[in-house]
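The structure appears below as structure tokens.
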Amino acid sequence: MKQQNRHTGIGLYIFLIVLFIIIWYAFSGSKTSNYSMNSFKKDLKNEDVTSVTIKQNSEVPTGSAVVHLKADTNDYTIYLSDVNAFQDYLDDQDFTHYTVNDVPHDGWFLQFLPLLLVIALMFILFTMIISSQQAQVGGTNSRMMNFGKSRAKMTTKEDNHVRFKDVAGLEEEKEELGEVVDFLKEPGKYTSVGARIPKGLLLEGPPGTGKTLLARAIAGEAGVPFFFISGSDFMEMFVGVGASRVRDLFSEAKKHSPCIIFIDEIDAIARQRGSGLGGGHDEREQTLNQILVEMDGFAVNEGIIVLAATNRVDILDPAILRPGRFDRKIYVGRPDRKGREEILKVHSNNKPLGDDVDLGQIAQTTVGFSGADLENLMNEAAIKAAKSNRAYITQEDIKQSFVKVGIGTEKKSRVVSERDKKITAYHESGHAILYHVLPLVGPVYTVSIIPTGPGAAGYTMALPDKDKIFETKEEMLENITVAMGGRVAEEIIFGDVTGGASQDIKEATKTAKDMVTKYGMSDELGPICYHEESDEVFLGRDYGHVKGYSDEVSSLIDKETRRIIDECYDRAKKIITEHRQVLDNCANLLLEKEKIGREEFEALFEDKAVNE
Ligand code: ADP
Ligand code: MG
Ligand code: ZN
């Protein structure tokens with residue numbers, strides 16, 4: 001902890017100064033102690049003495065005499081047991097060059113000064129020890145004065161120049177967050193009608209997609225202070241520091257309300273309790289608990305909104321997602337083609353572009369790039385242009401930078417070839433069509449061929465239209481059918497299949513097997529549970545695992561599972577073949593836009609009806 005070091009530093013200085021003063025006082029009187037009365041008498045006789053100053057002590061009649069000698073610049077002091085006797089002696093010797101000072105009035109003070117200083121010093125050291133201990137156990141008073149040291153950075157509205165226009169693409173997200181901005185601007189408008197605005201919002205998505213930027217933009221738009229702290233800033237070697245930093249942060253934020261607190265990379269503290277190697281992490285849990293306590297503590301409409309960002313929502317402690325905490329999640333994904341073009345535009349605002357630059361074309365070829373990658377791309381291009389002493393960026397600069405940035409990006413996600421894009425487009429269209437056509441699943445919410453991470457080329461997301469507790473047999477079958485859709489579409493179009501459907505197949509198989517062994521949905525086997533609970537967390541739990549049923553039953557389970565999968569596969573094939581036109585149209589639309597929403601997707605079916 002830095003702060004404590006600083007305290008001891010000051011303490012050391014004070015200590016040294018006081019020590020010096022004490023030593024000086026202790027020795028100042030004795031520096032001429034070797035000058036004796038006898039030497040003085042000798043010097044006086046030789047007429048070497050020019051003048052004498054007699055000082056009386058407060059304990060009359062003692063005192064001292066300061067003697068000035070000829071041919072000697074030093075002063076010599078004689079300690080006198082009786083000032084009057086000394087004075088008489090000088091008179092006897094007819095020496096008149098002496099003066100007598102009165103009894104000093106501040107004598108007692110000067111005498112006690114060293115003692116006073118020692119007491120003061122001890123007092124100072126004592127309070128320091130106390131206060132640093134308090135800081136360790138989380139006392140606020142000493143730390144609030146040192147808010148700057150609690151690592152959170154506050155940006156005032158004057159310093160924050162980020163606005164929504166700087167965040168390109170993310171239109172839906174901005175629209176959703178507009179409400180938050182409005183609330184921060186005019187909390188009264190909302191509170192007067194009793195509206196409740198969420199206290200906490202969680203921005204989730206892959207790195208570099210603009211979560212931090214978006215959070216800053218909210219503060220910028222609303223014109224409120226912005227407190228920034230990263231999850232890892234709470235972590236220190238000393239136990240309790242994290243929790244006390246949280247307390248500081250919130251108490252400071254309350255003074256500046258309305259305002260925004262932004263906790264970046266919250267996964268560093270809000271990891272699921274008891275997960276990870278090495279058991280629980282007390283410090284992290286304390287910090288997390290403190291955040292939850294603070295969030296529960298302030299009233300809903302106090303004007304503080306806590307934003308947090310993470311790219312690992314799956315590992316977060318579910319406690320933080322509870323109502324009254326981070327109960328609203330906003331997904332910030334990788335941009336689609338149009339989004340990428342806009343981001344490129346934003347980042348070429350201050351860069352002169354040659355007339356051959358076609359940002360639309362660059363956007364087309366940068367599938368899977370995040371906003372940060374694109375910014376990096378334009379920056380590299382600008383460096384290239386400067387290196388070749390050109391005042392503007394050419395298309396060639398960007399293309400060459402693409403290779404450089406692309407290689408780095410490939411590690412994180414992947415740069416997708418045209419062929420892969422086409423396969424993914426058909427695969428996802430296959431899923432989407434089945435979601436739409438089958439009555440119990442769907443409707444389709446989004447279809448996308450933007451890679452979401454390594455090994456995930458695209459996704460089709462359905463919106464379940466009602467809350468369900470139980471899934472019926474028919475629903476399970478339809479889900480298996482949907483899962484088959486990707487592979488079926490690949491087969492119909494390319495006459496060949498890829499490994500891209502492995503996840504789908506795994507899920508379908510699991511559902512089918514559960515239907516047979518767990519839910520008793522197979523007529524052949526009846527409602528008997530053949531499912532072994534496998535909640536044990538031991539590694540290698542399958543070793544020495546004893547099946548609770550015969551080989552005969554085992555092969556029957558396989559047969560039944562197989563039958564379910566086959567039937568679903570055939571059904572998927574039949575439906576997709578019937579909608580071949582939609583499949584082509586959907587795939588083409590995806591290749592063009594990369595991501596399509598519900599309305600666009602459903603319109604494809606209407607087109608078909610018109611054509612027929
Ligand atoms: P995250 O917090 O999601 O990891 P950042 O907000 O830190 O990402 O983004 C890093 C940088 O990438 C930003 O400073 C900005 O220059 C650029 N960037 C990312 N997304 C966008 C976007 N949507 N519009 C404009 N620039 C973006
Ligand atoms: Mg960030
Ligand atoms: Zn799939």
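The values are calculated or read from the model by the stated rules, or taken from the named source; none is laboratory data. Worth saying up front: this structure is predicted, and the values here are computed from it rather than measured. Here Cβ is always computed from backbone atoms with ideal geometry, including for glycine, and neighbour counts include all displayed protein chains.
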Condition set of a type in the set (A, V, I, L, M, F, W, C) and at pLDDT 80 or above, scope the stretch 403-429, selection surrounded by the fewest Cβ atoms within 10 Å (Cβ to Cβ): answer is ILE423
Yes or no: ALA243 crowded, with 22+ Cβ neighbours inside 10 Å and away from ligand 1 (no atom under 13 Å from the Cβ)? yes
For the stretch 306-336, the count of residues that are under 14 Å from ALA215 (Cα atoms) and out of contact with any helix residue (DSSP H, G or I) (no Cβ under 9 Å at 6 or more places or on another chain) equals 0
Across the stretch 492-527, the tally of residues that are in a helix (DSSP H, G or I) and either within 39 Å of the chain's Cα centre (by Cα) or without any contact (Cβ under 8 Å) to a residue 60 or more places away in the chain (or both) stands at 19
query = Would a scan of the stretch 199-214 turn up a residue that is under 22 Å from the mean Cα position of the chain (by Cα), surrounded by 13 or more Cβ atoms within 10 Å (Cβ to Cβ) and more than 15 Å from ligand 1 (Cβ to nearest atom)?
reply = yes
Requested in this report: Taking PHE369 as the residue in question, decide whether it is under 28 Å from GLU592 (Cα atoms), of a type in the set (Phe, Trp, Tyr) and buried (at least 20 other Cβ atoms within 10 Å of the Cβ).
Outcome: yes
Residues of the stretch 179-204 being over 18 Å from ARG325 (Cβ atoms) and in contact with a helix residue (DSSP H, G or I) (Cβ under 6 Å, 6 or more places away or on another chain), in sequence order, are VAL181, LEU184, LYS185, TYR190
Scanning the stretch 265-290 for residues that are out of contact with any Leu (no Cβ under 9 Å at 6 or more places or on another chain) and under 27 Å from GLU173 (Cα atoms), the one modelled with the highest pLDDT turns out to be GLU265
Residue hits (the stretch 85-97; over 13 Å from LYS45 (Cβ atoms) and surrounded by 14 or more Cβ atoms within 10 Å (Cβ to Cβ)) are PHE86, GLN87
Filtering helices (runs of 4 or more DSSP H) wholly in the stretch 338-448 for at least 1 residues that are in contact with a helix residue (DSSP H, G or I) (Cβ under 7 Å, 6 or more places away or on another chain) and more than 20 Å from LEU591 (Cβ to Cβ) gives 371-387, 395-412, 418-437
Of the candidates ASN349, ASN376, the one satisfying the condition of being without any contact (Cβ under 8 Å) to a residue 12 or more places away in the chain and either closer than 23 Å to LEU213 by Cα or surrounded by fewer than 19 Cβ atoms within 10 Å (Cβ to Cβ) (or both) is ASN349
Looking across the stretch 176-187 at residues that are closer than 26 Å to ASP248 by Cα and either within 16 Å of ligand 1 (Cβ to nearest atom) or not charged (D, E, K, R) (or both), the single one that is surrounded by the fewest Cβ atoms within 10 Å (Cβ to Cβ) is PRO187
| query | Would a scan of the stretch 233-250 turn up a residue that is within 15 Å of ligand 2 (Cβ to nearest atom) and at negative phi? | reply | yes
Can we say GLY220 is more than 21 Å from PHE183 (Cβ to Cβ), away from ligand 3 (no atom under 16 Å from the Cβ), buried (at least 20 other Cβ atoms within 10 Å of the Cβ) and more than 13 Å from the chain's Cα centre (by Cα)? no
Considering residues that are farther than 21 Å from LEU249 by Cα, out of contact with any Gly (no Cβ under 7 Å at 6 or more places or on another chain) and in contact (Cβ under 8 Å) with a residue 40 or more places away in the chain, the number found within the stretch 287-316 is 4
Across (1) closer than 21 Å to GLN111 by Cβ; (2) surrounded by 13 or more Cβ atoms within 10 Å (Cβ to Cβ), SER81 clears everything bar (2)
Pairs returned, first residue in the stretch 201-212 that is within 8 Å of ligand 2 (Cβ to nearest atom), second residue that is part of a strand (DSSP E or B) and not charged (D, E, K, R), beta-carbon separation under 8 angstrom, 6 or more apart or interchain, are LYS211/LEU203; LYS211/ALA309; THR212/PHE262; THR212/ALA309
